[in-house]
1. Applying a 10 Å radius around every beta-carbon, put 214-224, 149-159 in order of their mean neighbour count, most first.
2. How high is the FRET efficiency from ALA168 to HIS6, r the C-beta distance, R0 41 Å, rounded to 0.05?
3. If you rank SER76, SER81 by fewest surrounding Cβ atoms within 10 Å, what's the result?
4. If packing is taken as the average number of other Cβ atoms within 10 Å across a peptide's residues, how do 35-47, 122-134, 12-24, 101-113 rank, most packed first?
5. I want the antiparallel fraction of DSSP beta bridges within the chain, as a percent rounded to 5.
6. So what J values fall out for the stretch 90-97 if you push phi through Karplus, 6.51 cos²θ - 1.76 cosθ + 1.60 with θ = phi - 60°, rounded to Hz, Gly and Pro as x?
7. Kindly write out, for the stretch 207-221 in residue order, the coupling ³J(HN,Hα) from the Karplus curve 6.51 cos²θ - 1.76 cosθ + 1.60 (θ = phi - 60°), rounded to whole Hz, with x marking Gly and Pro.
8. Using amide H atoms built 1.01 Å from N in the peptide plane, name the residues 5+ places from LEU185, or on other chains, whose amide H lies under 5 Å from its own.
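Since every read-out is calculated from the coordinates, none of them should be taken as a lab result. This structure is a prediction, so every number in the text was calculated from the model and none was measured. Neighbour counts are summed over all protein chains in view; Cβ atoms, including those assigned to glycine, are modelled from backbone coordinates with ideal geometry.
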Amino acid sequence: MADQAHEVVTWQSTSPGILAVTLQRPPANALGIPLLDGLHLAMDAAEKAGDVKVMVLSSANPGFFAAGADIKHLSSIDAQSFTAYGDKMREVNDRLAASPWISIAAIDGVALGGGLELAMACTLRVAGPNGRFGLPEVKLGLIPGAGGTQRLPRLVGRGRALDIMLTARQVPADEAYRIGLVDRLTDGDVVAAANEFADRLVGPSLPAQLSVVRTVDAAFDLPLEQGARYEVEQIQALFEDGEAAEGIRAFVDKRKPQFR
């Protein structure tokens, strides 16, 4: 199984601080066990490297980012195995969402079901003109079960999320950008656009960036007063760990900061 995981998910450092992770399980990157294990291995490698600031997740299969759960696998398992499979998908997504780096999903094809849930677990999403997005689980008598019902409303709002999930429709890239499901839209090479985005993200302080993400996410879960207090806690922590002190000294000295 480990050999299969290495075959369907590969990773390499493309420039300092950036790790490119590629899904390559033909034809559609169905999220079978080997691919999920491969994503864990890629995150293990990023943690071991210790210098990853941005992870760019893309597909080597034209027309597909990831088509969703492995339906053939689901058709052959019992209820207990179905629960275990769902847990494994959630573990990957939750680990990715909580990872100590910024993640970008580069999507220029179908991202449906579990594939969209994987993309939404990333910090940011870049779409090409062929991007198609949806959570069509109701067609199978199911609901999204790897974070989709929670992350989609946070990105696009309740009404739009219900529209997408209840109709099981595919959202084209331009609409996905307009409603906030994706953060950048390109009419060129989506991986190149994601890498250009990553290059801009490598420069600032990673602890400060992750603090921004945590604080913005808290805005969806906490009352304003509590969110403001959390913001203060995050600022204080940045001063205590030295990143803010280095950034301020560099500004005064008119030099480039040496962030970790």
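1. Details: 214-224: 12.6, 149-159: 15.5.
With the highest mean Cβ count within 10 Å placed first, the list reads 149-159, 214-224.
2. On the way: r = 34 Å, r/R0 = 0.83.
My answer for the efficiency is 0.75.
3. Values: SER76 9, SER81 12.
Ranked by crowding around the Cβ, least crowded first: SER76, SER81.
4. Working: 35-47: 19.6, 122-134: 23.0, 12-24: 17.5, 101-113: 26.5.
So the order, starting with the most tightly packed, is 101-113, 122-134, 35-47, 12-24.
5. On the way: 8 of 31 bridges.
Bridges in the chain that DSSP calls antiparallel: roughly 25 percent.
6. For the stretch 90-97, the Karplus curve yields 5, 4, 4, 5, 5, 5, 5, 5 Hz.
7. x, 5, 4, 5, 5, 4, 4, 4, 6, 5, 4, 5, 4, 7, 10
8. ALA127
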